[in-house]
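S.K.: This is the structure, below, for whatever I ask next.
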Amino acid sequence: MSLFNAAILAITKEVVQPYEEYVHKKKYEQEREQNNLIYPHYDGIISFDTLHKSLLVWGKLGDVDTEIQDDKTIHKESNMINDANNSSQSVQYNNLLEGKQSLRHHPLIYVKTLSGQILNLNPQLLDRVEKVKELIREKIAIPVEHQRLIFQGRTLANYKSLIEYEVTEKSTLYLFLSLHGGCKPSVLSLDTTHLDPRFDRDLSNVFDSNDEKFMRGNYRYKRPCGWNRKALKVLNKYGSNNAWLGPYSVNNRYNSYDNEWPVSYHGTDKSNCNSIAKEGYKLSKGKRFAYGHGIYSTPDINVAAGYALKFSHENERYCIVFQNRVNPTTLIKISSANTGCGEYWISPNDDDIRPYGICIKK
C-alpha cells in the first residue's frame with residue numbers, strides 16, 4: 001500500500017485499494033460475494049470533496065450581532081418545547097421559528113457517503129440520531145451499529161436529537177462505516193485521476209527564512225515546509241474561472257494576483273474537532289461577527305499539525321493535513337497577537353473553503 005493510500009485509510013478507517021485493482025474487480029460482480037463485501041451500496045470511488053467537507057471544523061463565534069450564547073443555549077428536547085415562548089430561548093430555536101420551520105415537520109436533509117452517493121431523508125428535527133440511522137438502514141441496508149454520522153466535524157451520538165446538533169433543512173450529514181466483529185467492509189478506491197502530480201511539491205527538506213514572503217490572495221503564504229504536498233486536480237472544478245488559484249503555472253512567486261484566494265490548512269483528526277472549535281470560540285470572544293458559526297482553519301501549517309491525524313506506515317509515523325484556498329471576501333482573521341497560539345481564520349460556510357492539496361509529514 002502506498003503512503004498516500006495509507007493516509008486516506010487512516011482518515012476514513014475504510015479499506016482503500018488502488019484504482020486499477022478496483023476497476024478490475026468491478027468487472028466480476030461475483031467477486032463481491034466471494035470477498036464477502038457486506039455493503040455493496042457503500043462501495044465506490046472516494047470523493048475528495050466529500051471527504052474534505054466531512055473533516056471541516058465548525059464552531060460558534062464568541063460574540064455576534066445576533067448575540068450567540070454559549071453551549072448551554074442548546075436546549076434538550078423537552079425544554080425546547082415547554083419554553084417555546086420564553087425570552088431566554090436559544091438563538092437556534094428562534095431561528096427555526098423565524099424560518100417558519102416546525103420541530104415536528106419532516107425537513108429534507110442529505111446524507112453523503114464517502115463515494116459521493118447522496119441519500120435524501122425526511123426525519124423530524126426532534127428525532128434522535130439513532131432514528132436517522134434507521135432511515136439510512138431502510139435505504140441501503142447498513143445496520144445502525146455499523147454507521148457513523150458526521151455533521152460539521154462532530155460525530156453524532158445516537159441518543160441526541162438532530163436539533164441538539166443544530167441540524168436544519170437541507171443540512172448534510174456524512175456517513176462513515178464503523179465496523180467491528182471481524183466482518184469485511186465494502187471497498188473504497190482512490191481514483192488517481194483526481195490527483196494532479198504536475199503540482200506535487202516535496203518540501204520535506206526545505207525551510208523558508210522569515211525574510212522570504214511568498215504571497216497568495218494578498219496574504220502571506222506560509223509554505224508547507226517539512227511536508228510532502230500531493231496536489232488535487234482542481235482546475236475547472238468550480239467553473240472555468242480559475243482566478244482563485246492565481247497563475248498556477250508560476251512557482252515560488254512572491255506576489256498575488258487579482259481575485260486569488262489565500263492559502264490555509266486544517267487538520268484531519270476528528271477526535272480533535274471539538275478542541276479546535278472550543279479554542280477558536282474562546283479566542284473569538286470579545287469580537288463582533290455577522291454570523292454565528294464558522295469553519296476554522298489557519299494559514300500556518302504548524303498550527304494545523306496540532307489537529308492532524310497521526311498514522312503508521314511501514315514502521316514510520318506520519319501526520320496528514322489538508323491545504324485549502326479560502327474566499328478572502330468572507331474571511332475573518334483572529335491574529336496570533338490576540339491568541340498567543342497562532343493565527344486562526346474563520347469562513348462562514350463550506351463553499352468558502354476549497355481543498356487543493358494534501359500534505360503528509362514524517
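S.K.: Of all residues in segment 209-243, count the ones that are in contact with a strand residue (DSSP E or B) (Cβ under 8 Å, 6 or more places away or on another chain), part of a loop (DSSP other than H, G, I, E, B) and not hydroxyl-bearing (Ser, Thr, Tyr).
M.R.: Number satisfying all stated conditions: 9.
Residue-wise test of (1) touching a His at 6+ places or on another chain (Cβ under 8 Å); (2) exposed (fewer than 14 other Cβ atoms within 10 Å of the Cβ).
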site: Pro107; (1), (2): no, no
site: Tyr110; (1), (2): no, yes
site: Leu114; (1), (2): no, no
site: Leu119; (1), (2): no, no
site: Gln124; (1), (2): yes, no
site: Asp127; (1), (2): no, no
site: Ile140; (1), (2): yes, no
site: Lys160; (1), (2): no, no
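S.K.: Which residues, counting only those in segment 238-259, are in contact (Cβ under 8 Å) with a residue 24 or more places away in the chain and within 22 Å of the chain's Cα centre (by Cα)?
M.R.: Tyr238, Trp244, Leu245
S.K.: So which pairs qualify, if the first residue must be in segment 146-161 and part of a loop (DSSP other than H, G, I, E, B), the second must be among the hydroxyl-bearing types (Ser, Thr, Tyr), the Cβ gap must be under 7 Å, and the two must be at least 6 apart or on different chains?
M.R.: Close Cβ pairs satisfying both conditions: Leu156/Tyr165.
S.K.: Continuing with this model, one more query. For segment 317-362, which positions are among the small types (Gly, Ala, Ser) and in contact with a Lys or Arg (Cβ under 6 Å, 6 or more places away or on another chain)? I'd like the intermediate steps shown before the answer.
M.R.: Going through segment 317-362, the residues among the small types (Gly, Ala, Ser) turn out to be 335-337, 340, 342, 347, 357.
Result: Gly357, single match.
Any read-out appearing in this document is the output of simple, stated calculations on the displayed coordinates, not a laboratory observation. Worth saying up front: this structure is predicted, and the values here are computed from it rather than measured. Every residue, glycine as well, gets a Cβ built from its backbone with ideal geometry; the counts of neighbours run over all protein chains shown.
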